[in-house]
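Before any comments, here is the structure.
A short reminder: the numbers here are calculations on the coordinates, not readings from a lab. As the structure is a computational prediction, the values presented were derived from the model and not from experiment. Because the Cβ atoms are built from the backbone with ideal geometry, glycine has one as well, and the counts that use them run over all protein chains shown.
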């Protein structure tokens with residue numbers, strides 16, 4: 001008999017019982033629906049061992065890689081420690097080692113951590129201030145031995161957290177970071193697949209990490225990045241991206257400006273419009289979308305209608321938390 | 001659609017259609033048709049497209065005669081909100097059209113399309129809350 005651990009409790013999974021049946025029998029609240037592995041309402045994550053492959057059918061490949069599974073079709077093959085998607089794992093402390101303005105509106109924040117920490121480039125973490133104020137930000141770098149995390153934080157009008165980072169947080173101080181979350185990241189395999197990445201403003205942060213990851217893993221297909229902003233203050237890393245395009249033949253960079261009457265040599269128009277009109281069909285493409293929620297949701301739909309498979313669209317919408325009055 | 005096996009009379013409709021692989025092949029095509037159809041796409045508008053696609057997959061699995069646990073009551077409950085939004089027989093007909101067109105596009109023989117359509121048709125009253 002296998003045991004299932006969730007939070008502080010451990011239960012026995014009876015023979016023929018699924019993880020969902022065990023947890024419901026023990027009065028653990030688990031959202032569920034069809035109970036046949038289709039609606040994905042009972043999605044959970046295994047924190048120790050890989051779940052049975054048969055319990056991951058239909059899940060996005062990035063979620064499979066993170067050991068997500070469907071509780072209603074999971075007959076455990078070994079003891080499992082599981083968590084619901086909204087259950088937070090352990091947090092760690094990280095110290096600020098660099099803070100630098102990228103544009104008047106966007107600051108680059110680099111943190112260094114000592115405890116073990118795993119992530120995929122493109123995922124996000126919750127940054128927490130000592131008093132508990134918490135916001136999600138995307139990681140802009142790939143994992144490496146230096147144990148650092150880079151963030152691009154846009155200052156929002158009345159943004160409590162972003163203003164604090166801008167005005168007060170200094171190198172030497174520390175913040176708490178949650179475990180890395182999100183399914184918008186690169187996975188190796190299908191190296192010849194064309195990639196389209198569209199981001200607005202600081203949506204470049206996760207895309208920058210994803211591109212670095214893809215190139216580090218020898219992605220051979222064309223990689224097209226469209227970075228958009230209304231004005232020049234939202235476009236950053238232009239030189240870095242152009243250098244990357246000069247270094248890698250398969251990387252193509254198109255900065256786009258959507259605002260009126262701006263003098264620049266960038267492409268005029270909204271990044272997602274320019275991206276979508278650049279190709280007849282997106283059939284067979286892998287698409288990454290990060291930034292403004294409206295742009296992300298609209299483009300997701302348009303990319304799907306243009307032939308991209310639903311499983312090949314990875315999105316991270318940056319929702320703004322309104323300041324409490 | 002299964003190339004490895006010759007269809008035999010012992011096979012279920014789901015097996016003849018190609019099982020889960022066939023559902024996976026059909027779901028993007030079907031969902032694209034539904035979203036492109038201005039008669040019905042407002043019922044499928046959902047910012048969470050993955051969840052919506054998972055529901056389409058559940059529907060196709062059922063229509064293909066595959067394993068499913070949906071009862072008539074589930075169908076009624078799940079669609080009650082849409083009936084309030086004005087879901088009626090013409091919308092159901094449109095979905096049936098797209099189901100047929102999807103299977104035709106995947107070169108499914110007409111006889112099997114008719115069987116799948118009959119299963120989908122059997123849910124009409126529950127879906128429409130009649």
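What value in Å³ per residue do you get for the convex hull of the alpha-carbon atoms in region A:48-142? Walk me through the numbers before you get to the answer.
Details: hull volume 13.6 nm³, N = 95.
So the per-residue hull volume is 143 Å³.
Counting, for every residue in A:29-39, the Cβ atoms of other protein chains within 10 Å of its Cβ and taking the mean gives 5. Remark: mean inter-chain Cβ contacts per residue of B:64-72 equal 2, using a 10 Å Cβ-Cβ cutoff to other protein chain atoms. Across region B:1-124, the mean sequence separation of Cα contacts (distance under 8 Å, 6 or more residues apart), normalised by length, yields a relative contact order of 34 percent.
Size of chain B: Rg and Dmax of its alpha carbons, in Å, are 14.6, 46.
Working ranking of peptides B:99-109, B:56-66, A:297-307 by packing, defined as the average number of other Cβ atoms within 10 Å per residue, highest first, is B:56-66, A:297-307, B:99-109. Shielding value for B:14-24 is 1, the average number of Cβ atoms from other chains within 10 Å of each residue's Cβ.
Divide the volume of the convex hull of the Cα atoms of region A:246-325 by its number of residues and quote the answer in cubic angstrom per residue.
Details: hull volume 12.6 nm³, N = 80.
Cα-based convex hull of region A:246-325, divided per residue, equals 157 Å³.
For region A:92-177, the spherically averaged projection of the C-alpha convex hull amounts to 5.3 nm². Per the Kirkwood formula applied to alpha carbons, the protein assembly as shown shows a radius of gyration over Rh ratio, Rg over Rh, of 0.99.
What full-extension length gain, to one decimal in nm, is calculated for residue A:28 and residue A:146 as 0.36 nm per residue of separation minus the Cα-Cα distance? Working shown, then result.
On the way: separation 118, 0.36 × 118 = 42.48 nm, distance 4.05 nm.
Contour length minus the Cα-Cα distance gives 38.4 nm.
Take every Cα pair under 8 Å whose residues are at least 6 apart in sequence, average their separation, divide by the length of chain A, and the relative contact order is 13 percent. Axis of helix B:89-105 versus longest Cα principal axis of chain B: the two differ by about 30°, to the nearest ten degrees. Label-to-label distance, residue B:48 versus residue A:319, with points set 7 angstrom from Cα along the beta-carbon direction: 1.0 nm.
What shape does region A:195-317 take by its C-alpha gyration tensor, where a ≥ b ≥ c are the square roots of the eigenvalues and a/c under 1.5 counts as rounded, a/b above b/c as prolate, and the rest as oblate? Note, shape of region A:195-317 comes out oblate.
With r as the distance between the Cβ atoms of residue A:16 and residue A:191 and R0 = 41 Å, compute the FRET efficiency 1/(1 + (r/R0)^6) and round to 0.05.
Values: r = 42 Å, r/R0 = 1.01.
My answer for the efficiency is 0.50.
Set the Förster distance to 35 Å, then compute FRET efficiency between residue A:61 and residue B:122 from the Cβ-Cβ distance, nearest 0.05.
Working: r = 35 Å, r/R0 = 0.99.
Once rounded, the FRET efficiency stands at 0.50.
For chain A, the longest principal axis of the C-alpha atoms and the axis of helix A:204-216 are separated by about 80°. For residue B:10 and residue A:242, FRET efficiency with R0 = 45 Å and r from the beta-carbon atoms, rounded to 0.05? Here the calculated transfer efficiency is 0.10. For region A:169-325, the relative contact order is 24 percent, taking Cα pairs closer than 8 Å that sit 6 or more residues apart in sequence and dividing their mean separation by the residue count.
Take the eigenvalues of the Cα gyration tensor for region A:2-83, scale each by 5, and report the square roots as semi-axes in whole Å, largest first. The partial results should precede the final answer.
On the way: eigenvalues 62, 40, 25 Å².
Value: 18, 14, 11 Å, ordered largest first.
To the nearest 10 degrees, how steeply does helix A:238-247 sit against the main Cα axis of chain A, on a 0 to 90 scale? The answer is roughly 80 degrees.
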